[in-house]
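For reference, the structure is listed below as structure tokens.
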Amino acid sequence: MDYAQKLKEIFQQLLIENINTLVVEIDYYTEEKGFGIKGNTFNNEGLHLSYLDFDAEIVWNISDILIEWQNGIYEEQRWNKAIFTTYSDGHFEVKTWWDEDFQKELYPNG
């Protein structure tokens, strides 16, 4: 299943006129199955327009996809940080990685 594609479809709906790029940062707390989300929008010239506040329905949909994604991957593919960049032309990029310092900060006792 292409979870990144599902997220792209949600994020594409948030792009409106004069916004070219939406960058969404996700911090995923793997043990609690929780996450933090923040987003920013940029115009066609790359100038920052606004911080994006997600409404409850969008957060719920994102949560479902992230939980399914995390439950369906192998240990060596796990990630706890991600950046999704979605462009108004439909192109999108996904970068995921494991941030060991972030994980140790969350769980100092292992």
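Residues that are free of Cβ contacts under 8 Å to residues at least 12 places away in the same chain, among the charged types (D, E, K, R) and over 15 Å from T86 (Cα atoms): does the stretch 22-42 have at least one?
Yes, because at least one residue in the stretch 22-42 is free of Cβ contacts under 8 Å to residues at least 12 places away in the same chain, among the charged types (D, E, K, R) and over 15 Å from T86 (Cα atoms).
Checking the structure you have, find out if any residue of the stretch 38-52 is of a type in the set (S, T, N, Q) and within 14 Å of the chain's Cα centre (by Cα).
Yes, the stretch 38-52 has at least one match.
Could you tell me which residue of the stretch 77-103 is nearest to G34 (Cα to Cα), considering only residues that are in a strand (DSSP E or B) and of a type in the set (K, R)?
That would be K81.
Among the residues of the stretch 64-87, count how many are small (G, A, S) and modelled with pLDDT under 85.
1
Report every pair of residues separated by at least 6 positions or lying on different chains whose Cβ atoms are under 6 Å apart, first residue within the stretch 63-86 and under 9 Å from Y28 (Cβ atoms), second among the charged types (D, E, K, R).
Close Cβ pairs (under 6 Å, with a partner that is among the charged types (D, E, K, R)) amount to N80/D99; K81/D27; K81/D99.
K95: touching a helix residue (DSSP H, G or I) at 6+ places or on another chain (Cβ under 7 Å) and either in contact (Cβ under 8 Å) with a residue 12 or more places away in the chain or surrounded by 12 or more Cβ atoms within 10 Å (Cβ to Cβ) (or both), yes or no?
no
The values are calculated or read from the model by the stated rules, or taken from the named source; none is laboratory data. What you are looking at is a predicted structure, and each value in this text was computed from that prediction instead of being measured. Cβ atoms come from the backbone with ideal geometry, glycine included; neighbour counts cover every protein chain shown.
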